[in-house]
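First the structure, in the form of structure tokens, and then the observations on it.
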Amino acid sequence: MRFAMTFSALLLGAGMAQAQMSLSFEWGDIPACNSGKPNVVGSPRFVIRGVPAGTTSVEFRLKDLDVPGYNHGGKKLKVTRDGAIPFGTFSYKSPCPPGGAHTYQWTATARKGGKVLEKAVARRRYPE
């Protein structure tokens, strides 16, 4: 399945009027899954735009918004400004809702050392 969705960034600084960072992704050709037992698969293709100046890494995390306590994993990467992260850059546990659709959210957190600069999110129901 291939999906793409873009959402504006969530800004952490007070008084900032517009979002600067955005995230989009495509799941890729991951195996269909509805058993509640996720497969370990290669990461989606991500495109991240508007990475703040001074960013030293971007952390990607997947959350099932219907089962937020489940850890699907993610990875912290060095990302160039307005860069693409190809399919399979890291492994994670695929979306795999038992018996229905869930809403999944990828979050990209731009950091300078330990300081969070900005976050961007992209959400999608799986399966659609």
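Where a number appears in this text, it was derived from the coordinates with a stated rule and is not lab data. What you see is a predicted model, and the numbers here were worked out from it, not measured in a lab. So basically every Cβ, Gly included, is an ideal-geometry build from the backbone, and we count neighbours across all protein chains shown.
Numbers for the structure displayed
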quantity: Cross-link reach list, aspartates and glutamates versus Lys93, counting only Cα pairs under 19 Å and skipping chain neighbours closer than eight places; calculated: Glu26, Asp29, Glu59, Asp64, Asp66, Glu128
quantity: FRET efficiency, 1/(1 + (r/R0)^6) with R0 22 Å, evaluated for Asn39 and Thr103 via beta carbons; calculated: 0.70
quantity: Residue-span extension gain [Val67 to Lys115] - 0.36 nm each, minus C-alpha spacing; calculated: 14.5 nm
quantity: Sequence-distant lysines (8 or more away, or on other chains) whose Cα lies within less than 16 Å of Lys119; calculated: Lys63, Lys75, Lys76, Lys78
quantity: Zone residues, region 43-83, relative to Thr89, backbone N less than 13 Å from point 7 Å out along Cα-to-Cβ; calculated: 43-51, 56-61, 74-83
quantity: Stokes-Einstein D for region 23-66, Kirkwood Rh over Cα pairs, 10 °C, 1.306 mPa s (µm²/s); calculated: 121
quantity: Alpha-carbon Debye profile of region 79-128, log10 I(q)/I(0) at 0.22, 0.23, 0.25 Å⁻¹; calculated: -1.01, -1.05, -1.11
quantity: Relative contact order (%) - criterion: Cα under 8 Å, at least six apart; region: region 80-128; calculated: 35
quantity: Estimated translational D of region 34-128 in µm²/s (Stokes, Kirkwood radius over Cα pairs; 4 °C; 1.567 mPa s); calculated: 93
